[in-house]
Structures are given as structure tokens and as C-alpha cells.
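Reading through the C-alpha cells given below for one structure.
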Amino acid sequence: MHRVLHLLAALVLATLLAGTATGAERNLRVAVLDSSPGMAFRDANGELTGFTIGIIRALCEEMRVQCTLLVTTLDSVIEDTASGEFDIAGVSLLETPERRAKVIFAKPYFRSISLWFARPGVQPGAAGIRVSVVRGSAQDRFARSRGWETVGVLTNNELSEPLQAGLAQAAIIPMATALGMMKKEEFRRLGLVSSVMSEPELGGDAAFAISPRRPELKEQMDAALERIRRNGTYDRINSLFLPFRVN
Amino acid sequence: MISQLRGLKQVHAGRAFGLLAAIFVLILGVMVALVALDQQRVLEATARLQEETVPEIIRYQRLARNLEQLRQEGERVFAAATPQARQQAMFVVTLVASHPSVLEHKAAAELAQQVETFLGDAMRQMTAGARDSGPVYEEWQRLAERVGLMVDDVSIQGINLATNDLSYVAEAMRLARYKLTAALIVAGLFLAMFVALIRIHLIYPLQRIDRALSTLSVDRPAPEFEPSTMVEIQSVEAAIGELHASLMENEAARHALEKLANRDGLTGLINRRHFMQTADAELMRAQRYERPVTIGMADLDCFKNLNDTYGHAVGDTVLRAFAELVQEVLRQSDLVCRYGGEEFAFLFPESSLDEAQRLAERLRSRCAEYDIRIPDGRLVRVTLSMGLADASDCPIETALRRADEALYQAKRLGRNRVELAAPVEAV
């Protein structure tokens with residue numbers, strides 16, 4: 001009898017502890033960017049918005065967790081997620097072997113391509129050409145692996161700056177950012193032409209990353225993503241920020 | 001199955017019906033398993049629909065949406081008010097045509113590539129300026145029409161994926177329904193057969209046994225049963241046969257006992273007690289219907305001398321011989337008993353005093369000349385004295401007393417004679 005009571009008491013205690021523990025887990029720190037046009041940027045009121053922001057908010061709602069969006073930059077997001085400073089990297093990341101070794105990738109939430117922007121006739125890899133890339137991006141990694149000279153910037157938004165300043169003659173720009181830039185007069189005035197880069201490491205699946213300290217989040221996130229794909233939330237966000245289906 | 005059972009000589013009902021039930025359960029189990037298999041197929045198909053087909057359909061819808069977007073952006077390339085807008089539209093065309101969602105569908109990818117090339121050329125022409133864009137736009141419209149058709153095709157392809165899964169499910173369900181119906185029919189047939197077999201092999205035999213038991217009697221022959229297949233029924237029927245046999249034995253024993261109780265051990269004639277019972281009843285009957293009836297008392301003459309001369313064994317022999325003679329001479333309906341010692345009582349139904357006298361005289365005379373062989377081989381004769389009294393109007397005791405008085409009279413008048421008691425009025 002006593003043993004049963006003890007067991008019951010232990011169970012109640014365990015439940016209470018689990019309850020508080022879950023309460024703590026209910027709040028997630030999510031790293032986001034705020035200067036990727038179309039994907040993650042600030043609107044006229046300074047509020048974070050964009051396709052990636054929309055998706056990450058929808059996922060948090062679907063997982064019934066409180067998410068705190070913390071703005072960071074691409075060059076540090078992987079390290080900080082790996083160290084557990086962020087639970088989730090709410091940034092569209094192409095899977096590379098280095099990244100996969102440090103963080104857990106959720107299921108891809110859209111498919112991207114990268115574009116080569118340069119003056120007409122300037123081919124990728126041409127001699128004496130400096131390429132503008134976001135530091136820490138897959139494009140950065142690709143350009144350096146080819147031995148190209150690069151000019152690194154912190155955010156997607158800044159990609160055009162080295163071009164405008166004449167520091168770079170070309171840029172490798174992800175699809176969504178390119179869409180945003182093409183809308184800007186000063187970028188168009190540069191007179192660059194774009195071509196799709198078909199190298200596999202520059203396109204394909206883009207996903208959020210999860211801290212290796214929170215492996216249980218992967219299953220929840222994947223299930224939530226599947227649900228918002230089916231219930232139409234995903235499509236509404238897609239239509240809101242991008243001109244075609246990027247899934 | 002029934003004829004097979006009939007073909008067998010001996011079957012344990014418990015085992016036979018147990019076996020039938022086991023076969024039934026087995027067959028039903030197999031059919032249920034088959035139905036369950038179909039259910040499993042349905043579950044798998046719906047799971048596949050959920051997990052594989054629906055995402056696939058979503059992909060087709062998305063592709064259709066992107067192709068439609070491609071067509072719209074193409075329109076925009078022609079309709080754009082500014083070169084910037086045109087450039088922007090062309091840029092989206094490039095992105096859509098290169099996006100993995102389009103590239104993964106071969107026909108769509110080819111068409112999108114064609115659209116991109118066509119629009120690229122058209123744009124260069126338009127940027128070069130001057131020329132009338134009419135024929136190019138007409139060509140674009142034909143191309144746009146093809147894109148529109150492709151949108152329809154892709155949509156339908158997606159929907160058809162679900163149709164395939166659903167028809168697979170429907171097929172499995174239909175199959176399951178047939179199997180279920182078959183299982184129900186088999187169960188019904190089996191139950192019907194079970195009931196029929198129980199009726200034939202258990203209920204009908206039990207009813208026969210019930211009838212046989214309720215009419216079982218020593219007056220009837222032992223009941224005959226149709227040969228039954230079931231061992232249990234056979235043994236009950238055999239037991240009924242044995243029961244009937246023991247009833248018969250008991251009846252025979254009862255008869256023997258009754259005889260022992262009612263007969264005189266030496267002569268085999270009825271004894272005095274039985275005579276009194278029977279004679280009383282006969283007298284009552286005669287008096288009720290006003291029929292004549294006569295009572296007689298007889299005594300072997302000088303029997304004491306015979307006993308003294310030859311011994312009791314000879315006396316017994318004589319008594320037995322006399323009893324035989326009496327039964328031989330008298331009518332079947334006449335009652336006679338050994339009343340005691342060498343004394344005998346008679347009842348002559350339907351006989352007046354005169355008629356009884358004639359009978360008595362015949363007995364007396366036959367007795368007088370009847371040679372009786374005694375054990376040592378010699379022959380002896382005995383005579384008989386007898387008194388008769390009319391009993392049609394008085395109790396048995398009175399009639400016996402009066403017959404006894406007449407017997408006494410006969411003795412007194414010299415023995416070997418029959419005397420009649422005087423009529424009652426004269427007494």
C-alpha cells in the first residue's frame with residue numbers, strides 16, 4: 001500500500017516537473033535575418049516580414065510554441081545555432097556538408113536557385129572578376145571553392161553595394177533576393193544581366209536548421225511544415241511574398 | 001455430410017458436433033482473415049493516399065500554378081508599359097523556367113524552356129524596337145495556348161493520382177463486401193446444417209425415446225428403434241430395452257409371488273383367503289344382477305383313517321389327486337379352494353341349487369370310482385361328502401355355514417352323498 005502511494009506521489013511529481021519543463025520548452029529562440037528582400041525584411045513600420053518570416057511564424061503557431069525572433073547575420077547563424085544560443089535558425093539554408101556536421105536540418109521548406117549577375121558577356125569564373133557574395137552563404141563557399149575572388153557582405157541587402165561601388169563586377173544572388181533587387185531602380189541601373197547557375201550546390205532544397213541540443217524539434221517542425229503545406233497556410237504566404245510557387 | 005454420417009455406424013454426438021463446430025470456426029476464421037486482409041489493403045491505400053499521393057497532388061497543383069504564372073508573366077512581357085516592368089516580368093519567367101518545381105516535370109520543363117527562349121527573343125526584338133510586334137504576339141498566343149493546355153493536363157494528372165488510389169480502395173472494399181457476403185452465407189448454411197443435424201440425430205431420437213418411455217409397459221412389446229448413428233442415443237435406446245426386460249422380469253416375479261400368496265402349496269388350488277375374497281366379489285355381483293349362485297362345502301370321508309393307515313405322505317398324494325380331479329370335472333368358472341385339512345369350499349356361479357347339485361353329484365360319483373396310485377404302487381379310493389346352499393340372497397358367511405350344516409347332514413346320513421341346505425324361508 002505504501003509502495004503504491006509512493007509511486008503515485010512520484011508520478012504526480014514527475015507530471016508537475018514535466019509540466020514546468022514543457023512550459024520552458026514552449027518558448028523558442030529563433031534566429032532570423034532582417035535584410036533579405038522578399039524573404040526576411042522590415043516593412044514600412046519596421047516590423048519583420050517576408051516569406052521566411054511568414055513560414056517560421058506559421059510553424060511556431062502550428063507547433064503551439066512561443067517563438068522569439070532574434071535578428072542575426074548569415075555568417076554567425078550556424079555557429080550560434082550549433083552552440084545552442086538559438087533553438088532554430090529561421091533562415092533559408094542550402095544544405096552543405098559543413099553545415100550538416102554542425103546543425104540538424106529540418107525538411108526543406110522551399111527550393112531555391114542562384115543567379116549570376118554581371119555585365120553582358122562576363123561569364124562566371126572569368127579572370128579578374130570579383131564576385132559579391134554574402135559572407136557565410138552557400139554562394140560564398142561555392143565561389144571560394146572555385147578559387148574566385150570574392151567581396152563578402154553581411155546581408156543579402158548589401159549584395160549590390162560592392163557592385164555599385166565598383167569593388168565587384170559580379171554577384172551570386174539567391175533567387176528570392178534577386179527578385180527583390182530587380183524591383184530597385186538603382187540596381188537595375190547597373191545594367192547587369194542574369195543567368196541561372198545550374199551547379200547543384202547553388203540550388204535546390206533550402207531548409208531551417210535546428211540546434212543539436214534540441215533534436216526533438218525536428219520531428220515537430222517537419223510535421224508542422226507538412227500540415228501548413230496541406231491546409232493552405234503555406235500557399236497564402238507564398239502568394240503574399242513571391243510571384244510563383246517556390247515549394 | 002448427413003449421408004456421410006449415416007454411412008457411419010457409430011459416432012459420438014459430442015465429438016461429431018464438436019468437429020463440425022471446429023470446421024465451422026476454421027472456415028469462418030479463414031474468411032474473416034481474408035476480409036481483414038482487404039481491410040488492411042484499404043488502410044494501406046488510404047495511408048498511401050495521405051502520405052504519398054496528397055503531397056504529390058499538391059506538387060502537381062503547384063506546377064500547374066507555376067505554368068499559369070509563366071503564361072501570365074509572358075503576357076506581361078508584351079503588355080508591360082515600361083521596359084523595367086517588361087524586364088521584371090522576363091526575370092520572373094527565367095526564374096520559373098529554371099525552378100526545380102518546373103524542371104522535375106519533363107514536358108513542363110521543355111515547354112517552359114521554349115517559352116523562356118521565345119520571350120527572350122521577342123524581348124530583344126522589341127528592345128531593338130521599330131518592328132511591328134503583331135506577328136510575334138500572335139505566335140506567343142499560340143504558345144500561351146499550349147501552356148494553358150499544359151496547365152490543364154498537369155492539374156488532371158495530379159487529380160488522377162487520387163483517382164487511382166481511390167479506385168484501388170473501392171476495388172478492395174468491393175472485394176471485402178463479396179467476401180463478407182460469402183462468409184455470411186457460409187455461416188448461415190453451416191448453422192442451418194447444424195440445426196438440421198441436431199434435429200435428425202438428437203432431437204428426433206429424443207422425441208422417439210420420450211414416446212417410447214411414456215408408453216413403456218409390460219403389456220406391450222419392447223419398443224423398436226430405427227438404428228441411430230449417435231452412440232449416446234444408441235446407449236439410451238439400449239437402456240430402454242433393458243428397462244423393458246427388467247419390467248417384464250418384475251412382472252413375472254410379481255405373478256409368482258401372487259400365486260404363492262393365493263394358492264395352496266400342496267394342491268395348487270386357491271387358498272381359503274383368496275377364495276373368500278373372490279367368492280365375496282362374485283356373490284355381490286350375482287346378488288346385484290339377481291343371478292343364481294350356489295356355495296358348497298365338501299369333506300373327504302374317513303381321511304383320518306387313511307392318514308393313520310398309510311401315513312401323511314399318502315394323505316398328501318390323495319389330496320393332490322383329488323384337487324386334479326376337481327379341476328378336471330368342474331367348469332372353468334367354478335371356484336374351488338382347500339378350505340382346511342381335507343375340507344374344500346366351492347362356488348358355482350350362474351348355478352341354481354339344482355344345477356349345482358348335478359355338478360356336485362358328478363364330482364362325487366367320479367371321485368368314488370377314481371383310483372389314486374399311492375407311492376408304494378397300490379391304488380386307493382376316497383369318497384366325498386358335500387353340502388350345498390343357495391347363496392343368491394345371503395352373505396357368504398351365512399351361505400358357508402348353511403353349506404357346512406348340509407355337509408354335516410350328509411355325513412350323518414352315511415357319507416358319500418350330496419345334501420342340500422333347506423331354503424332360507426323354511427329355516
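Please treat every number below as a calculation from the coordinates, not as lab data. Everything numeric here is computed off the predicted structure, so don't read it as measured data. When we count neighbours, we look across all protein chains shown, and the Cβ atoms used for this are built from the backbone with ideal geometry, even at glycine.
Brief remarks on what is shown
- Alpha carbon Rg of segment B:255-390, scaled by the compact-globule rule 2.2 N^0.38 Å: 1.08
- Remark: segment B:61-72, residue by residue, has Karplus-estimated 3J(HN,Hα) of 4, 5, 4, 4, 4, 5, 5, 5, 4, 4, 5, 4 Hz, where x stands for each Gly or Pro and the curve is 6.51 cos²θ - 1.76 cosθ + 1.60 at θ = phi - 60°.
- Given charges at beta-carbon only (K, R positive; D, E negative), |dipole| of segment B:98-150 in Debye: 40
- Radius ratio Rg over Rh of segment B:310-424, counting only Cα atoms, Kirkwood formula for Rh: 0.98
- When the convex hull of its Cα atoms is projected in every direction, mean area for segment A:114-202 (nm²): 5.0
- Part-to-part distance (alpha-carbon centres) for segment A:56-111 and segment B:44-70, which is given in Å: 27
- Shielding by partners - mean other protein chain Cβ count within 10 Å, residues of B:93-102: 6
- Segment B:248-402: antiparallel DSSP beta bridges as a percent of all, rounded to 5: 90
- The lysines within cross-link reach of residue B:411, meaning a Cα-to-Cα straight distance under 22 Å and a gap of 8 or more places when in the same chain, are B:304.
- Principal-axis tilt of helix B:83-98 within chain B, Cα atoms, nearest 10 degrees: 40
- Largest-first principal axis extents, alpha carbons of chain B, Å: 188, 51, 24
- Divide the volume of the convex hull around the Cα atoms of the protein assembly as shown by the residue count and you get 407 Å³ per residue.
- Farthest toward positive dipole pole in the protein assembly as shown [+1 Lys/Arg, -1 Asp/Glu at C-beta], among A:117, B:46, B:275: A:117
- Summed over qualifying helices (DSSP H, 4 residues or more, each -39500 (n - 2.57)) and divided by its residue number, chain A shows a 222 nm mean residue ellipticity of -12000 deg cm²/dmol.
- Aspartates and glutamates with Cα under 16 Å of residue A:184, excluding same-chain neighbours fewer than 8 positions away: A:43, A:158, A:161
- Taking the helices alone, chain B has a mean residue ellipticity at 222 nm of -24000 deg cm²/dmol, built from -39,500 (n - 2.57) per DSSP H run of at least 4 residues and averaged over all its residues.
- Computed from backbone phi, the HN-Hα couplings of segment B:32-45 come to 4, 4, 4, 5, 4, 4, 5, 4, 4, 4, 4, 4, 4, 5 Hz, rounded to whole numbers (Karplus: 6.51 cos²θ - 1.76 cosθ + 1.60, θ = phi - 60°; Gly and Pro given as x).
- When chain A is treated as a GNM with alpha-carbon contacts under 10 Å, the residue of A:26, A:119, A:189 showing the greatest mean-square fluctuation is A:189.
- Span per principal axis, largest first, for the Cα atoms of segment B:2-197 (Å): 112, 25, 21
- C-alpha long axis of helix B:134-198 to longest principal axis of chain B, angle in °: 10
- Simple spin-label estimate for residue A:218 and residue B:185 gives 5.4 nm between the two label positions (7 Å along the Cα-to-Cβ direction from each Cα).
- Across segment B:102-108, computed HN-Hα scalar couplings (Karplus, 6.51 cos²θ - 1.76 cosθ + 1.60, θ = phi - 60°) run 8, 4, 6, 10, 4, 4, 5 Hz from first to last residue, x flagging Gly and Pro.
- Between the listed residues B:319, B:340, B:403, the Cα displaced farthest toward the positive end of the dipole of segment B:305-409, a dipole computed from Cβ unit charges relative to the Cα centre, is found at B:319.
- Taking amide H as placed 1.01 Å from N in the peptide plane, the amide H of residue A:110 sits under 5 Å from that of A:206, each at least 5 places away or on another chain.
- Positive-end extreme of charge dipole, segment B:266-426 - chosen from B:300, B:418, B:389 (charges on Cβ): B:300
- Mean Cα-pair separation over length for chain B, i.e. relative contact order, pairs under 8 Å, 6 or more apart, %: 14
- Contact order normalised by residue count of segment A:114-202, Cα under 8 Å, 6+ apart, percent: 43
- Structural descriptor for segment B:239-395: relative contact order 32 percent, calculated from alpha carbon pairs under 8 angstrom and at least 6 residues apart.
- Near the amide H of residue A:193, within less than 5 Å, lie the amide hydrogens of A:118, A:119, all on another chain or at least 5 residues away, with H placed in the peptide plane.
- Once the Kirkwood radius over Cα pairs is known for chain A, the Stokes-Einstein relation at 25 °C and 0.890 mPa s delivers a diffusion coefficient of 126 µm²/s.
- Partner lysines for residue A:218 [C-alpha distance under 25 Å; skip if fewer than 8 residues away on the same chain]: A:102, A:107
- Under the membrane-span-like helix rule (DSSP H runs whose alpha carbons stretch at least 30 Å along the helix axis, mean Kyte-Doolittle hydropathy -1.0 or higher), chain A yields A:2-25.
- Using Cβ point charges alone (K and R +1, D and E -1), the dipole size of segment B:266-426 about the Cα centre works out to roughly 300 debye.
- Relative packing of peptides B:84-92, B:295-303, B:409-417 - highest average C-beta neighbours within 10 Å first: B:295-303, B:84-92, B:409-417
- Residues whose amide H falls under 5 Å from that of residue A:91, counting only those 5 or more places apart or on a different chain, are A:209, with hydrogens built in the peptide plane.
- On Cα atoms only, tilt of B:272-288 relative to the major axis of chain B in degrees: 90
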